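Okay, so here's the structure we're looking at.
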(Lines give C-alpha, C1' and ligand atoms only; values in the text may rest on other atoms or scores of the structure.)
Protein backbone atom coordinates (compact mmCIF):
# COMPACT_ATOMS: atom_id res chain seq x y z
CA UNK A 1 0.00 0.00 0.00
CA UNK A 2 1.40 3.33 -1.18
CA UNK A 3 2.23 5.82 1.41
CA UNK A 4 0.31 9.04 1.25
CA UNK A 5 2.32 12.29 1.15
CA UNK A 6 2.06 14.84 3.77
CA UNK A 7 -0.10 17.82 2.56
CA UNK A 8 2.65 20.28 3.26
CA UNK A 9 5.22 18.19 1.38
CA UNK A 10 2.85 17.59 -1.56
CA UNK A 11 2.09 21.27 -1.81
CA UNK A 12 5.87 22.03 -1.85
CA UNK A 13 6.43 19.54 -4.68
CA UNK A 14 3.54 20.98 -6.63
CA UNK A 15 4.80 24.50 -6.15
CA UNK A 16 8.32 23.53 -7.30
CA UNK A 17 6.93 21.76 -10.38
CA UNK A 18 4.78 24.75 -11.34
CA UNK A 19 7.73 27.12 -10.89
CA UNK A 20 9.96 24.92 -13.07
CA UNK A 21 7.25 24.66 -15.74
CA UNK A 22 6.63 28.41 -15.83
CA UNK A 23 10.39 29.07 -15.94
CA UNK A 24 10.77 26.64 -18.82
CA UNK A 25 7.86 28.23 -20.65
CA UNK A 26 9.29 31.73 -20.15
CA UNK A 27 12.74 30.73 -21.44
CA UNK A 28 11.35 29.00 -24.52
CA UNK A 29 9.11 31.95 -25.51
CA UNK A 30 11.89 34.51 -25.08
CA UNK A 31 14.20 32.36 -27.25
CA UNK A 32 11.52 32.04 -29.92
CA UNK A 33 10.85 35.77 -29.95
CA UNK A 34 14.52 36.46 -30.63
CA UNK A 35 14.78 34.02 -33.52
CA UNK A 36 11.26 34.39 -34.88
CA UNK A 37 11.38 35.68 -38.46
CA UNK A 38 9.73 39.03 -39.13
CA UNK A 39 10.36 40.42 -35.64
CA UNK A 40 12.57 43.50 -35.39
CA UNK A 41 16.11 42.78 -34.35
CA UNK A 42 17.76 44.74 -31.59
CA UNK A 43 21.10 44.85 -33.44
CA UNK A 44 21.61 47.84 -35.78
CA UNK A 45 21.17 47.21 -39.53
CA UNK A 46 24.33 46.91 -41.59
CA UNK A 47 25.63 50.19 -43.02
CA UNK A 48 24.74 50.36 -46.72
CA UNK A 49 26.23 53.81 -47.22
CA UNK A 50 29.57 53.68 -49.10
CA UNK A 51 32.56 54.64 -47.04
CA UNK A 52 34.81 57.50 -48.05
CA UNK A 53 37.28 54.97 -49.45
CA UNK A 54 34.54 53.34 -51.53
CA UNK A 55 33.33 56.73 -52.72
CA UNK A 56 36.85 57.78 -53.68
CA UNK A 57 37.34 54.56 -55.58
CA UNK A 58 34.01 54.99 -57.38
CA UNK A 59 34.84 58.58 -58.30
CA UNK A 60 38.23 57.48 -59.57
CA UNK A 61 36.63 54.72 -61.62
CA UNK A 62 34.10 57.18 -63.09
CA UNK A 63 36.78 59.71 -63.97
CA UNK A 64 38.88 57.00 -65.51
CA UNK A 65 35.87 55.88 -67.53
CA UNK A 66 35.12 59.46 -68.63
CA UNK A 67 38.60 60.76 -69.36
CA UNK A 68 40.71 57.68 -69.82
CA UNK A 69 38.61 55.91 -72.42
CA UNK A 70 40.25 55.22 -75.78
CA UNK A 71 37.63 57.35 -77.57
CA UNK A 72 38.33 60.40 -75.39
CA UNK A 73 42.08 59.95 -75.67
CA UNK A 74 41.77 59.73 -79.44
CA UNK A 75 39.67 62.90 -79.54
CA UNK A 76 42.18 64.72 -77.34
CA UNK A 77 45.06 63.66 -79.60
CA UNK A 78 43.16 64.77 -82.70
CA UNK A 79 42.46 68.17 -81.13
CA UNK A 80 46.15 68.60 -80.24
CA UNK A 81 47.18 67.60 -83.74
CA UNK A 82 44.72 70.11 -85.24
CA UNK A 83 46.02 72.88 -82.96
CA UNK A 84 49.63 72.11 -83.86
CA UNK A 85 48.81 72.02 -87.56
CA UNK A 86 47.08 75.40 -87.31
CA UNK A 87 50.05 76.86 -85.44
CA UNK A 88 52.56 75.42 -87.93
CA UNK A 89 50.56 76.84 -90.83
CA UNK A 90 50.60 80.30 -89.26
CA UNK A 91 54.36 80.13 -88.71
CA UNK A 92 54.75 79.06 -92.36
CA UNK A 93 52.67 82.09 -93.43
CA UNK A 94 54.91 84.43 -91.43
CA UNK A 95 58.04 82.89 -92.98
CA UNK A 96 56.58 83.16 -96.47
CA UNK A 97 55.67 86.82 -95.81
CA UNK A 98 59.25 87.55 -94.72
CA UNK A 99 60.62 85.80 -97.81
CA UNK A 100 58.29 87.68 -100.20
CA UNK A 101 59.21 91.02 -98.61
CA UNK A 102 62.92 90.32 -99.09
CA UNK A 103 62.23 89.39 -102.74
CA UNK A 104 60.46 92.72 -103.27
CA UNK A 105 63.49 94.56 -101.84
CA UNK A 106 65.78 92.77 -104.30
CA UNK A 107 63.42 93.48 -107.20
CA UNK A 108 63.24 97.19 -106.41
CA UNK A 109 66.99 97.50 -105.92
CA UNK A 110 67.55 95.86 -109.32
CA UNK A 111 64.90 97.75 -111.35
CA UNK A 112 63.90 100.76 -109.22
CA UNK A 113 60.34 99.75 -110.05
CA UNK A 114 57.86 96.89 -109.67
CA UNK A 115 56.43 94.78 -112.48
CA UNK A 116 53.28 92.60 -112.65
CA UNK A 117 55.06 89.68 -110.94
CA UNK A 118 56.00 91.95 -108.07
CA UNK A 119 52.36 93.10 -107.93
CA UNK A 120 51.31 89.48 -107.34
CA UNK A 121 53.88 89.22 -104.53
CA UNK A 122 52.42 92.36 -102.93
CA UNK A 123 48.92 90.86 -103.09
CA UNK A 124 50.09 87.59 -101.59
CA UNK A 125 52.01 89.43 -98.86
CA UNK A 126 48.91 91.43 -97.91
CA UNK A 127 46.77 88.28 -97.73
CA UNK A 128 49.35 86.58 -95.52
CA UNK A 129 49.58 89.59 -93.18
CA UNK A 130 45.78 89.73 -92.82
CA UNK A 131 45.54 86.00 -92.13
CA UNK A 132 48.31 86.19 -89.53
CA UNK A 133 46.54 89.11 -87.84
CA UNK A 134 43.23 87.21 -87.76
CA UNK A 135 44.86 84.03 -86.38
CA UNK A 136 46.40 86.13 -83.60
CA UNK A 137 42.92 87.30 -82.54
CA UNK A 138 42.70 90.53 -84.53
CA UNK A 139 40.00 91.56 -86.97
CA UNK A 140 39.67 93.55 -90.16
CA UNK A 141 40.46 97.17 -89.39
CA UNK A 142 42.11 100.17 -90.95
CA UNK A 143 45.85 99.48 -91.24
CA UNK A 144 48.32 101.63 -89.35
CA UNK A 145 49.99 104.04 -91.79
CA UNK A 146 52.07 106.18 -89.41
CA UNK A 147 55.82 106.86 -89.72
CA UNK A 148 56.14 105.78 -93.35
CA UNK A 149 59.44 106.81 -95.01
CA UNK A 150 59.05 109.33 -97.83
CA UNK A 151 61.79 107.72 -99.95
CA UNK A 152 60.69 104.55 -101.78
CA UNK A 153 63.99 102.70 -101.19
CA UNK A 154 63.67 103.17 -97.44
CA UNK A 155 59.96 102.26 -97.49
CA UNK A 156 60.61 98.99 -99.36
CA UNK A 157 63.41 98.07 -96.97
CA UNK A 158 61.14 98.82 -94.05
CA UNK A 159 58.56 96.39 -95.54
CA UNK A 160 61.17 93.63 -95.35
CA UNK A 161 62.20 94.58 -91.79
CA UNK A 162 58.60 94.66 -90.57
CA UNK A 163 57.77 91.34 -92.23
CA UNK A 164 60.80 89.75 -90.58
CA UNK A 165 59.84 91.21 -87.18
CA UNK A 166 56.34 89.80 -87.68
CA UNK A 167 57.83 86.36 -88.41
CA UNK A 168 59.83 86.46 -85.17
CA UNK A 169 56.78 87.46 -83.14
CA UNK A 170 54.65 84.67 -84.62
CA UNK A 171 57.36 82.08 -83.94
CA UNK A 172 57.65 83.21 -80.29
CA UNK A 173 53.90 83.37 -79.61
CA UNK A 174 52.42 80.16 -78.11
CA UNK A 175 49.45 78.46 -79.73
CA UNK A 176 45.99 79.96 -79.16
CA UNK A 177 47.33 83.11 -77.54
CA UNK A 178 45.78 86.44 -78.50
CA UNK A 179 48.89 88.49 -79.18
CA UNK A 180 48.46 92.26 -79.29
CA UNK A 181 52.07 92.58 -80.52
CA UNK A 182 51.42 90.32 -83.55
CA UNK A 183 48.17 92.16 -84.36
CA UNK A 184 49.85 95.57 -84.09
CA UNK A 185 52.83 94.50 -86.21
CA UNK A 186 50.58 93.00 -88.90
CA UNK A 187 48.54 96.21 -89.06
CA UNK A 188 51.68 98.31 -89.44
CA UNK A 189 52.94 96.05 -92.21
CA UNK A 190 49.59 96.25 -94.02
CA UNK A 191 49.61 100.04 -93.86
CA UNK A 192 53.13 100.21 -95.24
CA UNK A 193 52.34 97.71 -98.01
CA UNK A 194 49.37 99.71 -99.21
CA UNK A 195 51.44 102.88 -99.25
CA UNK A 196 54.27 101.30 -101.24
CA UNK A 197 51.96 99.56 -103.72
CA UNK A 198 50.04 102.66 -104.64
CA UNK A 199 52.95 105.10 -104.44
CA UNK A 200 55.35 103.53 -106.93
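The values are calculated or read from the model by the stated rules, or taken from the named source; none is laboratory data. Remember, predicted model here, so these are calculated numbers, not experimental data. Here the Cβ is made from the backbone with ideal geometry for all residues, glycine too, and neighbour counts use every protein chain on show.
Out of curiosity, is residue 93 more than 27 Å from the chain's Cα centre (by Cα), buried (at least 16 other Cβ atoms within 10 Å of the Cβ) and at pLDDT 95 or above?
So residue 93 passes the test.
Where residues in the range 165-191 are in contact with a helix residue (DSSP H, G or I) (Cβ under 8 Å, 6 or more places away or on another chain) and surrounded by fewer than 18 Cβ atoms within 10 Å (Cβ to Cβ), which of them is nearest to residue 99 (Cα to Cα)?
165
Hey, does the range 113-128 have a residue that's loosely packed, with under 11 Cβ neighbours inside 10 Å and not in a helix (DSSP H, G or I)?
Kept after step one, since they are loosely packed, with under 11 Cβ neighbours inside 10 Å, are these residues of the range 113-128: 113, 115-117.
Add one more test, that the residue is not in a helix (DSSP H, G or I), and what stays is 113, 115.
Within the range 113-128, one or more residues are loosely packed, with under 11 Cβ neighbours inside 10 Å and not in a helix (DSSP H, G or I).
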Checklist entry - Quick one: how many residues across the range 154-195 are modelled with pLDDT under 90 and part of a helix (DSSP H, G or I)? => result 2
Checklist entry - Within the set of pairs 6+ apart or on separate chains, which have a first residue in the range 93-119 that is closer than 13 Å to residue 152 by Cα, a second that is outside any helix (DSSP H, G or I), and C-beta atoms under 9 Å apart? => result 104/114; 107/113; 107/114; 107/115; 108/114; 108/200; 113/200; 114/200
Checklist outcome for this item: For the range 131-144 the number of residues that are closer than 22 Å to residue 157 by Cα and buried (at least 18 other Cβ atoms within 10 Å of the Cβ) is 3
